[in-house]
Amino acid sequence: SLRLALDRSVLGDLTDNTPWKTTERVSLARLLVRATELAKQFQDAIYIEAVPSIAIPQLLSQTDTLRGRCYRIRGTIGLIEPTSSIELANARKLNYSVLWLRPDDLSDQPINIYVPQGVLADRELIVGDTLEVAGLIAKRRAYASKRGGEIAPVLIATCLAIDPPPNAPDSSLQKDSNRLAQSLGLATKL
């Protein structure tokens, strides 16, 4: 309960409709660590489809109430930025990548996806991939675009699922049956 209270307190330091501030470094670092911890659960037992989906209007209007919770969104990768890092005490670094996702809901609003180093996809991500992302809602971030100042929701990724190319062989049946067996085993233990 102490960790939960501290996490809630740290999330209160995030401010919407601004660029990242130096005062938000601890909040971002904590979200990256939480997302990495949750990613291990996705690898072991959680289907991404079990995470509730969310749309851009909800992300933009309900950020304050949904901050720190995990939701799922689907879209196409429009831009992949170089790997970045946050330096913490004792020369410890948290590495992460930043993606810009164009959601499938036909809105003109991109989503900023921060992918911690411990969150892995089936293969290397490339621009144009169709991607389903489960992630923790962080904030609404201000950024500069060709049209001027804009706002993009930020999700810290916990799970990435890349759609296979249309002509790829279907090997997902074997993968799904293996994951189902793992899920049932975990449920039995719990």
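Here are the numbers for this structure:
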quantity	calculated
Answer residue from region 58-77, given it is in contact (Cβ under 8 Å) with a residue 60 or more places away in the chain and open to solvent by 30 Å² or more (accessible area, probe 1.4 Å) and is nearest to THR130 (Cα to Cα) among those	ARG72
Residue match in region 28-43 (condition: in a strand (DSSP E or B), under 22 Å from TRP100 (Cβ atoms) and β-branched (Val, Ile, Thr))	no
In region 89-116, the residues that are in a strand (DSSP E or B) and over 16 Å from the mean Cα position of the chain (by Cα)	LYS93
Tally of residues being of a type outside the set (A, V, I, L, M), surrounded by fewer than 16 Cβ atoms within 10 Å (Cβ to Cβ) and more than 18 Å from VAL133 (Cβ to Cβ) across region 22-56	4
Residues (in contact with a strand residue (DSSP E or B) (Cβ under 9 Å, 6 or more places away or on another chain), of a type in the set (D, E, K, R) and modelled with pLDDT under 85) located in region 38-81	GLU49
Residue check, VAL133 under 25 Å from ALA50 (Cα atoms) and either open to solvent by 50 Å² or more (accessible area, probe 1.4 Å) or part of a strand (DSSP E or B) (or both)	yes
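For every residue, the table says whether it meets (1) touching a residue at least 24 places away in the same chain (Cβ under 8 Å); (2) more than 22 Å from GLU24 (Cβ to Cβ); (3) part of a strand (DSSP E or B).
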residue: GLY118; (1), (2), (3): yes, no, no
residue: ILE126; (1), (2), (3): yes, yes, no
residue: ALA138; (1), (2), (3): yes, no, yes
residue: ALA142; (1), (2), (3): yes, no, yes
residue: GLY149; (1), (2), (3): no, no, yes
residue: THR158; (1), (2), (3): yes, no, yes
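The values are calculated or read from the model by the stated rules, or taken from the named source; none is laboratory data. All values reported here derive from a predicted model rather than from experimental measurement. As a convention, Cβ positions derive from the backbone with ideal geometry for all residues, glycine included, and neighbour counts pool all protein chains shown. Accessible surface is based on the protein model in full, side chains and every heavy atom, while ligands, DNA and RNA are left aside. Shrake-Rupley method; radii C 1.70, N 1.55, O 1.52, S 1.80 Å.
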